[in-house]
1. Looking at Glu144, Glu154, Glu162, can you tell me which residue is under 15 Å from Val94 (Cβ atoms), exposed (fewer than 11 other Cβ atoms within 10 Å of the Cβ) and among the acidic types (Asp, Glu)?
2. Looking only at region 92-109, which residues are part of a strand (DSSP E or B) and either without any contact (Cβ under 8 Å) to a residue 40 or more places away in the chain or in contact with a Gly (Cβ under 6 Å, 6 or more places away or on another chain) (or both)?
3. From Arg92, Arg153, grab the single residue that is closer than 30 Å to Pro42 by Cβ, basic (Lys, Arg) and under 15 Å from the mean Cα position of the chain (by Cα).
4. List every residue pair whose Cβ atoms lie under 6 Å apart, where the two residues are 6 or more positions apart in sequence or sit on different chains, the first residue falls within region 46-67 and is under 12 Å from Pro36 (Cα atoms), and the second residue, located anywhere, is assigned to a helix (DSSP H, G or I).
5. Can you find even one residue in region 132-147 that is within 24 Å of Leu56 (Cβ to Cβ), small (Gly, Ala, Ser) and in a loop (DSSP other than H, G, I, E, B)?
6. Only one of (1) surrounded by 16 or more Cβ atoms within 10 Å (Cβ to Cβ); (2) in contact with a strand residue (DSSP E or B) (Cβ under 6 Å, 6 or more places away or on another chain) fails for Val94. Which number is that?
7. Go through the residues of region 119-127 one by one and say whether even a single one is basic (Lys, Arg) and either in a loop (DSSP other than H, G, I, E, B) or in contact with a His (Cβ under 6 Å, 6 or more places away or on another chain) (or both).
8. Just need a number here: residues in region 140-150 that are among the acidic types (Asp, Glu) and in contact (Cβ under 8 Å) with a residue 24 or more places away in the chain.
Amino acid sequence: MMAGLGTSLEGFIPRSLAKSVKDKDLTPIYYSVRVPLILSGPGIPSQQRTDAFCFLYDIFPTLCPLTNLPAPDSVEGRSLCPAIEDPQTPIRDVLHFAYKDVQRGVRKGRHKLIDYAVGGTRTTQLFDLDSDPLELNDLADDPEYRDLVAGMREELHRWRTELGDTQEMGVRFWEVPSDVR
């Protein structure tokens, strides 16, 4: 009986490839931070796909029940087994992204917000990933999306508090004033 696990590295693409970002060195464009995850083995249905949000640290708590091992209490990830059993089952409502002291981002539903803090200036981008999967149309300045931008920024602040994003890099990011729109 064969089993397998496949994934890729998370990444950011250089400015030369990210035409939608002005004056940034790197950007968490959707197709560079969306990590493919392939599971195969006993108890895993073949040819099944899910769009459930997950982090790489969710792999270990997923493998534990699949191998009949208990997950240690110290494990912070969530098992993906519910989404394996039913691909429509969500695992997480929100994904968060961070890169050094210059970027923080949040994905919720079809939207992704990215905040940049570069050179003492904060810049925000908002994308609708359903209608703009290549993230070429920044909606952050559109008055129609003002409440969504504010709500997603609140989510970033909640995440900062929950995870304690206040160490050296976090402090430098959050010190930069917001470009409130």
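1. Glu162
2. Phe97
3. Of Arg92, Arg153, the one residue that is closer than 30 Å to Pro42 by Cβ, basic (Lys, Arg) and under 15 Å from the mean Cα position of the chain (by Cα) is Arg92.
4. Listed pairs, sorted by first residue: Thr50/Ala83; Ala52/Ala83.
5. no
6. Here Val94 clears every test but (1).
7. No, that holds for no residue.
8. 1
The values are calculated or read from the model by the stated rules, or taken from the named source; none is laboratory data. This structure is a prediction, so every number in the text was calculated from the model and none was measured. Glycine also receives a Cβ, built like all others from the backbone with ideal geometry; neighbour counts cover every protein chain displayed.
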